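I have placed the structure first, in the form of structure tokens, so that the comments after it can refer back to it.
What follows is calculated from the coordinates using simple rules that are stated; it is not laboratory data. Keep in mind that this is a model prediction, so the values were computed, not measured. With ideal geometry, Cβ positions are generated from the backbone for all residues, glycine too; neighbour counts draw on all protein chains shown.
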Amino acid sequence: MKKTIKPLLSIIALGLTFLSTGCLKKGLEDLNNSSLKVMSTVDYTYRFLYTDTIQKGTSKQEIEKDRVCEVLFKKQTATLNENGIDVFKTTLTYDINSVLKAGPTGSVTKEMLYAQFDKLIKAEQLSKLWVYVTVSDVATIASLDDSPKLGGPGDFSKDRRYRVTAADGSSKDYLIRTVKGF
């Protein structure tokens, strides 16, 4: 009897879970024809690969290649308007706390990664930044002119233009200006 009740209770619990969960709430505003086309934030990261040794000097030693180190820049952003175009002017700086070390701790220290990053960024400057923006719900963003695609490495050593298009088809252009503060 107990063997029969347990699976039955599991099925009932699973069914209740499906009925009581959902991603959407009732009463949310319909944004299908929204005219919102706002860019609200611009964020910057830098990424590079490194090799680390896990459990160095033990029988379980393992070499981890192509680990990703991500650096989150400190930023100071000013929103300007130049000739009717909204400009996000962002000054980037960094320190050792900007470095994020991936995965389990190995022989590579945060200080070692910081030194490697510092050398790379001084050579590459603003030419390999990963840039992410936040735009209005249901809006899209597209690169203009020769601006790099967002969300991958790109050259932000000069002003870059983007167009945010609302769900209703209206659009607004923005300029991203990145300033080296290091």
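Some values worked out for this structure:
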| quantity | calculated |
| --- | --- |
| Cβ crowding within 10 Å averaged over residues, with 146-154, 128-136 ranked highest first | 128-136, 146-154 |
| Projected-area average for the stretch 34-180 over all orientations - Cα convex hull basis, square nanometres | 10.2 nm² |
| Exposure proxy ranking, count of Cβ atoms within 10 Å, fewest first, for Leu100, Leu175 | Leu100, Leu175 |
| Entries in Lys60/Lys101; Lys149/Lys172; Lys60/Lys128; Lys101/Lys158; Lys37/Lys119; Lys110/Lys149 that, when Cα-Cα distance is taken, lie over 27 Å | Lys60/Lys128; Lys101/Lys158; Lys37/Lys119; Lys110/Lys149 |
| Volume of the Cα convex hull of the stretch 83-151, divided per residue and given in Å³ | 157 Å³ |
| Point-charge dipole on Cβ atoms (K/R +1, D/E -1) for the stretch 63-136, about Cα centre, debye to 20 | 140 debye |
